[in-house]
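Take a look at the structure below.
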Amino acid sequence: MKIAVLGGDGFCGWPTTLHLSQAGHEVHIIDNLSRRWIDTELGVQSLTPMDSIQERCRIWKQETGRTLHFHLLDIAGEYQRLRQWLETERPDAIIHFAEQRAAPYSMKSDRHKVYTVNNNVNATHNLLTAMVETGLDAHLVHLGTMGVYGYSSVGAPIPEGYLDVEIDTPAGKKAQEILYPTRPGSVYHMTKSLDQIMFQFYAQNDGLRITDLHQGIVWGTHTAQTQRHPQLINRFDYDGDFGTVLNRFLIQAAIGYPLTVHGSGGQTRAFIHIKDSVRCIELALSDAPKAGDRVRIFNQMTETHRVRDLAEMVAGLTGAEIAWLPNPRKEAAENDLIVQNDQFLALGLEPTTLADGLLDEVVEIAKKFQHRVDRTRVPAVSGWTKELAAKVENDPEKKRLKSVS
């Protein structure tokens, strides 16, 4: 297949690109490199050294003989160029990663909220309407998030996208299928909830074939493809805005930084290893819906854990200390999370779990590149409200100079 990977330079996009290229597909990366510009804005860099996207593509060609096609294009701001590209290239499938992906970043300030909505919502809608206008019958696979559902304790498993309900009518109860209700906890999660509505509309109105993957928190570093050459290594975010919780715990342990648990640590989250993430996308591509079908929704996760349990596990593995800090997020102190993921298991996914020894692998990477860490960027300091921002702990290591007067 000819596959367009929108956001193919990112944390999930790059290993997915390599995985699909090795599988024999013709892969085109479309990216505006905004994630690299955000690094510059925040004054932080990937823990792992990253070459330019052009150099990475050259190394992949050198190692495999396969060509990756890179196109510098902003799908949120350059609609006509996007439409022209789709009209000319006519890919068989499109994988959509091209959204600002960090909840804390989306809550940093009003500017970051506006940027996240403009970028994410416009990117998705520009893509959908361009597919309609060009008559492109491509399978669209979108990387969403489990976070659209929020983290309340309903006590029942979260289904894969849809909920059967009964509605009272004058003639009696009537059965209806609805999208499982969303309850986004950040501006980022809100944009992903809006994506769902746009997908539903364009699938029923124009027959677009869409798969929406509600992914858990991704952890890990390597896939088989990123390990082929040092310059193919994936990015690794450790900062308080873009670093995911388990990866952050592991790097904190590696550099002798306290494991930062916010609030009670009773927040339960869904997780998936980066190797399983790219495998799930491949499986979703192989099981495309037909024109006229409802949006196909998968819960792309393999296990759930409480944050404090993860911290205690990493502390036991590494000897790290745990720091209990105020929570900058507006969320419940404790929640349960039960998630159905039957569809991927039925397609043949063999889940990678935390018990598989890969935690050591991440710690080794963190120790190898610990000289690249700016310790001042480790704390999570983006508050969800002004009141919570005032309580944020900026100095978990307690190294700030104190007055003696």
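The values are calculated or read from the model by the stated rules, or taken from the named source; none is laboratory data. The shown structure was predicted, so the numbers you read here are calculated from the model rather than taken from an experiment. Neighbour counts run over all protein chains shown; Cβ positions are idealised from the backbone, glycine included. Side chains included, ligands, DNA and RNA excluded: accessible areas come from the protein's heavy atoms. Shrake-Rupley method; radii C 1.70, N 1.55, O 1.52, S 1.80 Å.
The set of residues in the stretch 186-208 being open to solvent by 40 Å² or more (accessible area, probe 1.4 Å) and not acidic (Asp, Glu) consists of Met190, Leu194, Ile197, Gln200, Phe201, Gln204, Asn205. Counting the residues of the stretch 122-151 that are closer than 19 Å to Leu285 by Cβ and of a type outside the set (S, T, N, Q) gives 12. Filtered by the rule that a residue be open to solvent by less than 100 Å² (accessible area, probe 1.4 Å) and either of a type in the set (S, T, N, Q) or modelled with pLDDT of 95 or more (or both), the stretch 385-405 gives Thr385, Asn394, Ser403.
The combined condition, being in a loop (DSSP other than H, G, I, E, B), open to solvent by 30 Å² or more (accessible area, probe 1.4 Å) and at pLDDT 90 or above, is not fulfilled by Pro379. For the stretch 255-269, the criterion of being closer than 23 Å to Leu18 by Cα and either part of a helix (DSSP H, G or I) or of a type outside the set (Ser, Thr, Tyr) (or both) is met by no residue.
Residue-by-condition table, conditions (1) within 30 Å of Arg296 (Cα to Cα); (2) crowded, with 23+ Cβ neighbours inside 10 Å; (3) in contact with a helix residue (DSSP H, G or I) (Cβ under 6 Å, 6 or more places away or on another chain); (4) aliphatic (A, V, I, L, M):
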| residue | (1), (2), (3), (4) |
| --- | --- |
| His214 | yes, yes, yes, no |
| Gly220 | yes, yes, yes, no |
| Thr223 | yes, yes, yes, no |
| Ile255 | no, no, yes, yes |
| Gly263 | no, no, no, no |
| Thr268 | yes, no, no, no |
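Among residues of the stretch 196-237 being among the charged types (D, E, K, R) and within 19 Å of the chain's Cα centre (by Cα), the one that is nearest to Asp51 (Cα to Cα) is Arg235.
Note on the stretch 40-148: enclosed strands (runs of 3 or more DSSP E) holding 1 or more residues that are more than 22 Å from the chain's Cα centre (by Cα) are 68-72. Hey, does the stretch 285-294 have a residue that's open to solvent by 60 Å² or more (accessible area, probe 1.4 Å), within 22 Å of Pro15 (Cβ to Cβ) and in a helix (DSSP H, G or I)? Checking the stretch 285-294: not a single residue is open to solvent by 60 Å² or more (accessible area, probe 1.4 Å), within 22 Å of Pro15 (Cβ to Cβ) and in a helix (DSSP H, G or I). On the basis of being assigned to a loop (DSSP other than H, G, I, E, B) and open to solvent by 50 Å² or more (accessible area, probe 1.4 Å), does Lys367 make the cut? Considered against the rule, which asks whether it is assigned to a loop (DSSP other than H, G, I, E, B) and open to solvent by 50 Å² or more (accessible area, probe 1.4 Å), Lys367 comes out as no. Of all the residues in the stretch 47-95, those that are in contact with a Leu (Cβ under 8 Å, 6 or more places away or on another chain), surrounded by fewer than 20 Cβ atoms within 10 Å (Cβ to Cβ) and in contact (Cβ under 8 Å) with a residue 60 or more places away in the chain number 3. Listed by position, the strands (runs of 3 or more DSSP E) inside the stretch 296-338 whose residues that are touching a residue at least 12 places away in the same chain (Cβ under 8 Å) and closer than 22 Å to Gly220 by Cα number at least 2 are 296-300, 303-306. Gly185 fulfils the conditions (1) modelled with pLDDT under 95; (2) part of a helix (DSSP H, G or I) except for a single criterion, (2).
Among the conditions (1) assigned to a loop (DSSP other than H, G, I, E, B); (2) surrounded by fewer than 17 Cβ atoms within 10 Å (Cβ to Cβ), Trp37 misses just one, which is (1).
Residues are listed down the side, and each one gets a yes or a no for (1) open to solvent by 60 Å² or more (accessible area, probe 1.4 Å); (2) without any contact (Cβ under 8 Å) to a residue 40 or more places away in the chain:
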{"residue": "Phe97", "(1), (2)": "no, no"}
{"residue": "Ala102", "(1), (2)": "no, no"}
{"residue": "Thr116", "(1), (2)": "no, no"}
{"residue": "Val121", "(1), (2)": "no, no"}
{"residue": "His125", "(1), (2)": "yes, no"}
{"residue": "Leu128", "(1), (2)": "no, no"}
{"residue": "His139", "(1), (2)": "no, no"}
{"residue": "Val148", "(1), (2)": "no, no"}
{"residue": "Ala171", "(1), (2)": "yes, yes"}
